[in-house]
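The values are calculated or read from the model by the stated rules, or taken from the named source; none is laboratory data. Computed from a predicted structure; not experimentally measured. Virtual Cβ from ideal backbone geometry, glycine too; neighbours counted across all protein chains shown. These accessible areas exclude ligands, DNA and RNA; they are computed on the full protein's heavy atoms, side chains included. Shrake-Rupley method; radii C 1.70, N 1.55, O 1.52, S 1.80 Å.
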Amino acid sequence: EVIVQARIRKGSKLCAHGISAARASQILGISRWELMNYVGQTTLSDRFAEGVSVSSRMKTARGLFS
C-alpha cells in the first residue's frame, strides 16, 4: 500500500510538470482513476486557475493552420 501511494504521489508530480495523467499512470503502473482522485484532492489544479480566453485560443489555432 505504501508503494502504491508513493507511485500516486510521484504521478501527481509528473502531472505538475506537464505530463498527462494517462501517460503518468501508464509509466508508473497505477490506475488513472487513483491518480486523478489524488490530483483532485490536492491544490495542483488551483495553480492554473487563470484560463485563456476562447478568442485567444482561436487566434492561436488559426495561426497554426493557416
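Assorted remarks:
- Test: residue in region 44-65 that is at pLDDT below 85, part of a helix (DSSP H, G or I) and open to solvent by less than 50 Å² (accessible area, probe 1.4 Å): yes
- Neighbours by Cβ (under 8 Å, 6+ apart or cross-chain): first from region 10-28, closer than 18 Å to T43 by Cβ; second hydroxyl-bearing (S, T, Y) and assigned to a loop (DSSP other than H, G, I, E, B): S12/T42
- Checklist (1) assigned to a helix (DSSP H, G or I); (2) modelled with pLDDT of 90 or more applied to I30, failing item: (1)
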